[in-house]
Amino acid sequence: MFPSSPLVLAHLLRRLIAACLGAIALVSIGVGSSSPLLAVSLILVILSGFGVILAFQCVMAARVNRHDQVARATGSLLLWSWFREASVAVKVFLWWQPFHSNRYPDQLPNRTDKTCGRGIVFVHGFVCNRGIWNAWYPILDRRKIPYVAINLEPIFTGIDSYTLLLDEAIQLMDERTGKRPLVVCHSMGGLVARAWLRAANADAKVHRIVTIGAPHNGTRLGNWAPQLTPIENAHQMRFASRWLMDLAEQETNFRRMKFVCFYSGCDNIVFPATSATLVDADNRHIAGLPHLAMALDIKVIEQSIALL
């Protein structure tokens, strides 16, 4: 397996899950004995917190996208995307990432094996780890496609600080396969790939780059974060941030043509929706898919593998 930093996020998610279960247990024991109805109500409030936040994101995305050059999502489509994102988030944040992020180890051919095909390097997004790609690994294993998935940690730091980790993964995949890899990125991972290209002037080191819901031009959601927050990468992802503008100014048309950018009018994290596109790139709209669900969608998976 490609060496990675300690899975801090996995430990944090486990503690969060334990805290929520503890709160539910305390309510059940402390309140349930005297007022079962109140206990059930409090438990429902605890469990529905994420759903309320997600609904707020969907509503804000719909409002912002009214002024964007993307087909407006209907109310029923937004409701379906809310339900799908909620179900995917439970799987990703409560199961895959905290407990099964290393269930599928990296698959690299022996250095002497010259018959393998091109490999994939995975780059996850903000507050995630390699567990988000668990829907991809079995498909790649069956087709004997090599892959490496990195963990972007420390979690809250500048995006440029991740470029060395990505460079090492790409170099390792190139050495083992003898072919320039395909880089597949979700959300902030797309910005990590662009920062790496700038830092290493590495256009010749990569075959293509796929981004899925990447805030290439930032997201309005980031602008609502507290101004004094110490989270540097969150600041960099604000809509039209100085960091993003500097990044774009240093890119060539040739570099952007290497990108395939998946985006959606139902993305509840990156909006306006076309913020996930790049000029000169192969921009592909995926209707009705929210942010996390895009990374697990079979259409996105198959179209990405086809680029190999």
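Leu79 fails exactly one of the following numbered conditions: (1) touching a helix residue (DSSP H, G or I) at 6+ places or on another chain (Cβ under 9 Å); (2) in contact (Cβ under 8 Å) with a residue 24 or more places away in the chain. What is the number of that condition?
(2)
Search segment 85-104 for residues that are closer than 14 Å to Val127 by Cβ and pair each with any residue that is small (Gly, Ala, Ser) when their beta-carbon atoms are under 6 Å apart and the residues are at least 6 apart or on different chains.
As it stands, the answer is Trp96/Gly131; Gln97/Gly131; Pro98/Ala10; Ser101/Ala10; Ser101/Gly131, since those pairs meet every condition given.
Tally the residues that are aromatic (Phe, Trp, Tyr) and either under 13 Å from Met173 (Cα atoms) or assigned to a strand (DSSP E or B) (or both), restricting the search to segment 100-142. Steps first, answer last, please.
First, pick out the residues of segment 100-142 that are aromatic (Phe, Trp, Tyr): 104, 122, 126, 133, 136-137.
Right, trim to either under 13 Å from Met173 (Cα atoms) or assigned to a strand (DSSP E or B) (or both) and you get 122.
Final tally of qualifying residues: 1.
Under 6 Å between Cβ atoms, which residue pairs at least 6 apart in sequence (or on different chains) link something in segment 234-245 that is over 15 Å from Ser161 (Cα atoms) and polar (S, T, N, Q) with a partner that is modelled with pLDDT of 95 or more and buried (at least 19 other Cβ atoms within 10 Å of the Cβ)?
Filtered contacts from segment 234-245: Ser241/Gly218.
Return only the number of the condition from (1) modelled with pLDDT of 95 or more; (2) more than 30 Å from Ala86 (Cβ to Cβ) that Ala200 does not satisfy.
The number of the failed condition is (1).
Against the conditions (1) in contact with a strand residue (DSSP E or B) (Cβ under 9 Å, 6 or more places away or on another chain); (2) among the aliphatic types (A, V, I, L, M); (3) assigned to a helix (DSSP H, G or I); (4) closer than 24 Å to Leu289 by Cα, where does Leu197 fall short? Just the number, please.
(4)
Filter segment 244-288 down to the residues that are surrounded by fewer than 19 Cβ atoms within 10 Å (Cβ to Cβ) and of a type in the set (A, V, I, L, M, F, W, C), then identify the one that is farthest from Ala73 (Cα to Cα).
Phe254
Determine if segment 145-159 includes at least one residue that is without any contact (Cβ under 8 Å) to a residue 60 or more places away in the chain and over 19 Å from Asp297 (Cβ atoms). I'd like the intermediate steps shown before the answer.
Our first condition is that a residue be without any contact (Cβ under 8 Å) to a residue 60 or more places away in the chain; within segment 145-159, this holds for 146-147, 152.
From what's left, over 19 Å from Asp297 (Cβ atoms): 146, 152.
Yes: segment 145-159 contains one or more residues that are without any contact (Cβ under 8 Å) to a residue 60 or more places away in the chain and over 19 Å from Asp297 (Cβ atoms).
Mind telling me which of the residues Gly265, Gly222, Gly288 ends up being closer than 18 Å to Phe126 by Cα and small (Gly, Ala, Ser)?
Numbers: Gly265 fails: closer than 18 Å to Phe126 by Cα; Gly288 fails: closer than 18 Å to Phe126 by Cα.
Going through Gly265, Gly222, Gly288 in turn, just one is closer than 18 Å to Phe126 by Cα and small (Gly, Ala, Ser): Gly222.
For the structure I just gave you, tell me whether Gly178 is surrounded by fewer than 19 Cβ atoms within 10 Å (Cβ to Cβ) and at pLDDT below 95.
Working: surrounded by fewer than 19 Cβ atoms within 10 Å (Cβ to Cβ): yes; at pLDDT below 95: yes.
Yes, satisfied.
State whether the residues of segment 119-135 include one that is at pLDDT 90 or above, under 29 Å from His285 (Cβ atoms), out of contact with any helix residue (DSSP H, G or I) (no Cβ under 6 Å at 6 or more places or on another chain) and surrounded by fewer than 20 Cβ atoms within 10 Å (Cβ to Cβ). So that I can check it myself, show each step before the final result.
From segment 119-135, those at pLDDT 90 or above are 119-135; that's our starting set.
Within this subset, residues satisfying the condition of being under 29 Å from His285 (Cβ atoms) are 119-135.
Filter again for out of contact with any helix residue (DSSP H, G or I) (no Cβ under 6 Å at 6 or more places or on another chain), leaving 120, 127-128, 130, 133.
Next, only the ones that are surrounded by fewer than 20 Cβ atoms within 10 Å (Cβ to Cβ) stay: 127.
For segment 119-135, residues at pLDDT 90 or above, under 29 Å from His285 (Cβ atoms), out of contact with any helix residue (DSSP H, G or I) (no Cβ under 6 Å at 6 or more places or on another chain) and surrounded by fewer than 20 Cβ atoms within 10 Å (Cβ to Cβ): present.
With in contact with a Gly (Cβ under 7 Å, 6 or more places away or on another chain) and either of a type outside the set (Gly, Ala, Ser) or in contact (Cβ under 8 Å) with a residue 60 or more places away in the chain (or both) as the only criterion, which of Asp280, Asp267 stands out? It would help to see each step written out before you state the result.
Details: Asp280 fails: in contact with a Gly (Cβ under 7 Å, 6 or more places away or on another chain).
Being in contact with a Gly (Cβ under 7 Å, 6 or more places away or on another chain) and either of a type outside the set (Gly, Ala, Ser) or in contact (Cβ under 8 Å) with a residue 60 or more places away in the chain (or both) holds for just one of Asp280, Asp267, which is Asp267.
Please find, within segment 10-47, the residue that is modelled with the lowest pLDDT out of those that are surrounded by 12 or more Cβ atoms within 10 Å (Cβ to Cβ), among the small types (Gly, Ala, Ser) and closer than 29 Å to Ser81 by Cβ.
Ser41
Just need a number here: residues in segment 169-193 that are under 28 Å from Phe239 (Cβ atoms) and either in a strand (DSSP E or B) or not β-branched (Val, Ile, Thr) (or both). Break it down stepwise before answering.
Our first condition is that a residue be under 28 Å from Phe239 (Cβ atoms); within segment 169-193, this holds for 183-193.
Checking which are either in a strand (DSSP E or B) or not β-branched (Val, Ile, Thr) (or both) leaves us with 183-191, 193.
Residues in segment 169-193 being under 28 Å from Phe239 (Cβ atoms) and either in a strand (DSSP E or B) or not β-branched (Val, Ile, Thr) (or both): 10 in total.
Quick one: how many residues across segment 60-86 are in a helix (DSSP H, G or I), loosely packed, with under 12 Cβ neighbours inside 10 Å and at pLDDT 90 or above? Spell out the reasoning first.
Of the residues in segment 60-86, the ones in a helix (DSSP H, G or I) are 60-65, 75-86.
Still in the list and also loosely packed, with under 12 Cβ neighbours inside 10 Å: 63, 75-76.
Applying the additional criterion that residues be at pLDDT 90 or above yields 63, 76.
Total satisfying the criteria: 2.
Could you please find all residues in segment 263-308 being in a strand (DSSP E or B) and closer than 21 Å to Leu54 by Cα? Outline the logic, then answer.
Our first condition is that a residue be in a strand (DSSP E or B); within segment 263-308, this holds for 263, 282-285.
Once the filter is applied, which keeps residues that are in a strand (DSSP E or B) and closer than 21 Å to Leu54 by Cα, segment 263-308 yields only Tyr263.
The values are calculated or read from the model by the stated rules, or taken from the named source; none is laboratory data. Note that the coordinates shown come from a computational prediction; the quantities given were computed from them, not determined experimentally. Backbone-built Cβ (ideal geometry, glycine too); neighbour counts: all protein chains shown.
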